[in-house]
Amino acid sequence: MPELPEVETTRAGLAPHVEGRRVRAVTLRRPDLRWPIPPEISATLPGQRIDAVRRRAKYLLLDTAAGSALLHLGMSGSLRVLPADTPLRDHDHVDLVLDGGGPDSKRVLRFNDPRRFGCLLWQPTGETHALLRGLGPEPLSDDFDGDYLFARSRGRSAPVKAFLMDQRIVVGVGNIYVAEALFAAGVSPLRAAGKVSRERYAALAAEIRRILGHAIARGGTTLRDFISPDGAPGYFEQELSAYGRGGEPCPRCGRPLKQAAIAQRATVWCGGCQR
DNA sequence: ATGTTTCCCTGCTTGC
DNA sequence: TGCAAGCAGGGAAACA
């Protein structure tokens with residue numbers, strides 16, 4: 001279930017293996033993932049050189065002169081760079097065959113996604129794909145802070161948890177990390193977004209940045225070589241304070257952590273520490 | 001416009 | 001032991 005840190009780790013791991021390489025061919029083993037794979041992926045992408053691998057929110061962009069391949073890993077997707085003759089596994093849906101320095105170094109960028117919540121789309125040069133329009137700021141950018149959250153939240157009655165997970169407000173804060181940030185900041189996920197003070201939004205913004213930054217740094221240290229059978233880093237479950245611990249004692253006060261669904265998502269919090 | 005619910009899909013877990 | 005049901009999850013889309 002890649003959240004922003006996993007996507008950023010994937011980007012960083014991928015970049016040195018694909019940047020500067022040319023896409024020799026594209027193999028589609030099914031016509032769609034979440035959405036149909038557009039014809040440009042087969043017709044335009046082959047022959048293009050990948051100039052850069054970028055990330056926006058949880059989307060990865062493979063930039064070429066003609067445009068960018070836009071990838072989302074959904075919740076079960078993974079990308080690996082492998083020798084071209086690596087046997088297929090279940091759910092290996094797409095290969096980008098990459099030019100190497102010679103015949104022995106031919107590689108493929110292989111997209112595996114069992115649940116197919118991911119996507120592979122195309123963004124022509126000079127255009128911004130509809131999915132990327134209207135996205136909020138990156139949580140690790142200077143545009144994101146407590147004052148920003150405070151200003152955007154006035155008058156809103158939705159739970160602060162739903163507000164923080166809204167990609168138009170801030171991108172990349174998924175269910176796991178929002179639970180951790182709310183716990184660390186002592187804010188109840190049920191509180192109306194418009195009723196959270198400026199000071200507490202400052203704490204929330206700081207915790208979001210700290211937790212995401214820490215996870216990215218850990219991912220970076222874990223994933224040394226991206227050419228490996230297991231490309232996706234784990235979640236460091238032992239470091240999670242709230243997520244997935246419903247019923248267990250609160251790490252801070254010892255009272256049992258509550259669990260309920262908020263906005264159709266499993267939510268865990270401490271009724272004592274989070275107000 | 002904002003808030004809420006539904007839906008996509010498969011693998012894992014739980015219950016009978 | 002096997003099978004069915006339940007759950008998880010990002011986020012777009014539909015709906016109120």
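Every number here is computed from the coordinates shown, using simple stated rules; none is lab data. Just so it is clear, the model here is predicted, and its values are computed rather than measured.
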Amide proton proximity set for A:Met75, modelled H, under 5 Å, gap of 5+
A:Phe117, A:Gly118
Over all alpha-carbon pairs in chain A, figure out the percentage whose distance exceeds 22 Å.
59
Residue-wise HN-Hα coupling along the range A:151-165, computed from phi with Karplus coefficients 6.51, -1.76, 1.60 (Hz; x: Gly, Pro):
5, 6, 8, 4, x, 9, 9, 5, x, 4, 4, 5, 4, 6, 8
Using every pair of alpha-carbon atoms in the range A:57-183, split the distances into 10 Å bins beginning at 0 and state the percent of pairs per bin, rounded to integers.
11, 31, 30, 19, 8, 2, 0
Whole-Hz Karplus couplings 3J(HN,Hα) for the range A:252-263, θ = phi - 60° and coefficients 6.51, -1.76, 1.60, Gly and Pro as x, run 9, 10, x, 5, x, 6, 7, 9, 7, 9, 10, 6
